[in-house]
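Have a look at this one before I ask anything.
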């Protein structure tokens, strides 16, 4: 997709003489630390070069007109600035609507309508956080067009509120944080309990991060995501009868093993075990990466997937087929699911010279077992949400 094509589409769809400005927000992968963000643990995400572009211009009335080149069949979705309530009929446009509403409620002066054209090159429903990418690109375009400056952390928190309060998904803050604070060639080590963070350089001179899309779409609101969160909250509630803790992220694996019997329900025990051990794995992974021990980092990725498969039960046949096949391929340092699970994507760290054979073998096994093919993407780690001065990548 070229920038010129986007501009042509904008002028065609909106019949507007106002020249729009171009904004971008990336998607994200999470290298390790899955389902820990809403459990007060550590995560290790990175923003990627794929994401959501938005061309936007102000109007002179109060109409908000949204068009997505990814969903042309949905047509133009038009709402009024004075009625930003959630309506199912507004479909994908509820994400930018929710962001506009939350930012206005926060006190941002957004006093006229907008024409906004979106185009995303993140695969839809792939678990690379396309919804948070739409929220954050909307946030930066509002900031740019209405000429105010919002603290980036406030924008990130408002994006999370859109998911939690407006859309109804009890997700943590990782996605918006990674997309809002991304830095080229760096992953972000984030403590979700305190929001303390630091950047860790990702140096892979001989390897690439390969994203493998199951092509089984998933939607968080319709999945068992909220159920997993509730199970963890129940486990925490039981543990609090004996321990002075605020979250599962406060526990070491040793402390968890000492007190796990307090958790009444066996399934909740498994969910809590994953959250605690995954948090410890994430801290260890950061150390290993800093000491350039890529092999140990890969082992921790593999252990993460096994925990998500057996204790958290969010992988499924498609993701397991990809990851288990990847583990047996030449040149693979580590592989795991990434994102919430229930479909979506896996990631693998693969030697450059092995990528072609890796793709061939994964495709072959996946088609044999699942009946259709995967899609591969090589992930470059890029910057966070911003106004673009150059064209679409």
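Outside any loop (DSSP other than H, G, I, E, B) and surrounded by fewer than 17 Cβ atoms within 10 Å (Cβ to Cβ), is that true of residue 254? Lay out the reasoning, then the answer.
Numbers: outside any loop (DSSP other than H, G, I, E, B): yes; surrounded by fewer than 17 Cβ atoms within 10 Å (Cβ to Cβ): yes.
So residue 254 passes the test.
A further question on this structure: Evaluate the following for residue 249: is it farther than 20 Å from residue 208 by Cα and either surrounded by fewer than 16 Cβ atoms within 10 Å (Cβ to Cβ) or at pLDDT below 95 (or both)?
On the way: farther than 20 Å from residue 208 by Cα: yes; either surrounded by fewer than 16 Cβ atoms within 10 Å (Cβ to Cβ) or at pLDDT below 95 (or both): no.
No, not satisfied.
Something else about it: Checking the structure you have, find out if any residue of the stretch 64-75 is in the same structural domain as residue 127 (by TED's automatic domain parsing), without any contact (Cβ under 8 Å) to a residue 60 or more places away in the chain and on the phi > 0 side of the Ramachandran plot.
From the stretch 64-75, those in the same structural domain as residue 127 (by TED's automatic domain parsing) are 64-75; that's our starting set.
If we keep only those that are without any contact (Cβ under 8 Å) to a residue 60 or more places away in the chain as well, we get 64-68, 70-75.
Applying the additional criterion that residues be on the phi > 0 side of the Ramachandran plot yields 75.
Yes: the stretch 64-75 contains one or more residues that are in the same structural domain as residue 127 (by TED's automatic domain parsing), without any contact (Cβ under 8 Å) to a residue 60 or more places away in the chain and on the phi > 0 side of the Ramachandran plot.
Within the stretch 269-294, track down each residue that is touching a strand residue (DSSP E or B) at 6+ places or on another chain (Cβ under 8 Å) and over 30 Å from residue 237 (Cα atoms).
To start, the set of residues in the stretch 269-294 that are touching a strand residue (DSSP E or B) at 6+ places or on another chain (Cβ under 8 Å) comprises 279, 282-283, 286, 289-290, 294.
Selection gives 289, 290, 294.
Please specify each residue of the stretch 93-112 satisfying the condition of being farther than 24 Å from residue 10 by Cα, in contact (Cβ under 8 Å) with a residue 12 or more places away in the chain and in a helix (DSSP H, G or I).
102, 103, 104, 106
Which one of the conditions (1) more than 17 Å from the chain's Cα centre (by Cα); (2) not assigned by TED's automatic domain parsing to the domain that holds residue 156 does residue 193 fail to meet, given that it meets all the rest?
If we test residue 193 against (1) more than 17 Å from the chain's Cα centre (by Cα); (2) not assigned by TED's automatic domain parsing to the domain that holds residue 156, just (2) comes out false.
Sticking with this structure for a sec: Of all residues being assigned to a helix (DSSP H, G or I) and in contact with a helix residue (DSSP H, G or I) (Cβ under 7 Å, 6 or more places away or on another chain) in the stretch 127-140, which is surrounded by the fewest Cβ atoms within 10 Å (Cβ to Cβ)? Just the residue, please. Show your work before the answer.
Residues of the stretch 127-140 assigned to a helix (DSSP H, G or I): 130-140.
Cutting the leftovers down to in contact with a helix residue (DSSP H, G or I) (Cβ under 7 Å, 6 or more places away or on another chain) gives us 131-136, 138-139.
Working: 131: 25, 132: 30, 133: 32, 134: 29, 135: 32, 136: 35, 138: 31, 139: 30.
Per the stated criteria, the residue is 131.
Quick one: which of 124, 115, 170 is closer than 30 Å to residue 19 by Cα, outside any helix (DSSP H, G or I) and modelled with pLDDT under 95?
Values: 115 fails: modelled with pLDDT under 95; 170 fails: closer than 30 Å to residue 19 by Cα.
Going through 124, 115, 170 in turn, the sole match is 124.
Hey, another quick one. Any chance you could count how many residues in the stretch 286-296 are modelled with pLDDT of 95 or more and surrounded by 22 or more Cβ atoms within 10 Å (Cβ to Cβ)?
The total comes to 0.
Ok, one more. Kindly indicate whether residue 372 is farther than 30 Å from residue 267 by Cβ and either in the same structural domain as residue 133 (by TED's automatic domain parsing) or at pLDDT below 95 (or both). Break it down stepwise before answering.
Working: farther than 30 Å from residue 267 by Cβ: yes; either in the same structural domain as residue 133 (by TED's automatic domain parsing) or at pLDDT below 95 (or both): no.
Judged against the criteria, residue 372 is not a match.
Would you call residue 193 surrounded by 21 or more Cβ atoms within 10 Å (Cβ to Cβ) and either in contact (Cβ under 8 Å) with a residue 40 or more places away in the chain or over 16 Å from residue 27 (Cβ atoms) (or both)?
Values: surrounded by 21 or more Cβ atoms within 10 Å (Cβ to Cβ): no; either in contact (Cβ under 8 Å) with a residue 40 or more places away in the chain or over 16 Å from residue 27 (Cβ atoms) (or both): yes.
Against the criterion (surrounded by 21 or more Cβ atoms within 10 Å (Cβ to Cβ) and either in contact (Cβ under 8 Å) with a residue 40 or more places away in the chain or over 16 Å from residue 27 (Cβ atoms) (or both)), residue 193 does not qualify.
Would you check which residues across the stretch 93-126 are surrounded by fewer than 22 Cβ atoms within 10 Å (Cβ to Cβ) and touching a strand residue (DSSP E or B) at 6+ places or on another chain (Cβ under 6 Å) and list them?
Across the stretch 93-126, the qualifying residues are 112, 113, 119, 121, 123.
Now a separate question. One residue is enough: does the stretch 26-48 have a residue meeting the conditions part of a helix (DSSP H, G or I) and over 21 Å from residue 177 (Cβ atoms)? Before you say what the answer is, go through the steps one by one.
Taking the stretch 26-48 as the starting set, the residues that turn out to be part of a helix (DSSP H, G or I) are 37-39.
Those still in the list that are over 21 Å from residue 177 (Cβ atoms) too: none.
No: the stretch 26-48 contains no residue that is part of a helix (DSSP H, G or I) and over 21 Å from residue 177 (Cβ atoms).
The values are calculated or read from the model by the stated rules, or taken from the named source; none is laboratory data. Given the structure is predicted, the values throughout are model-derived calculations rather than measurements. Neighbour counts run over all protein chains shown; Cβ positions are idealised from the backbone, glycine included.
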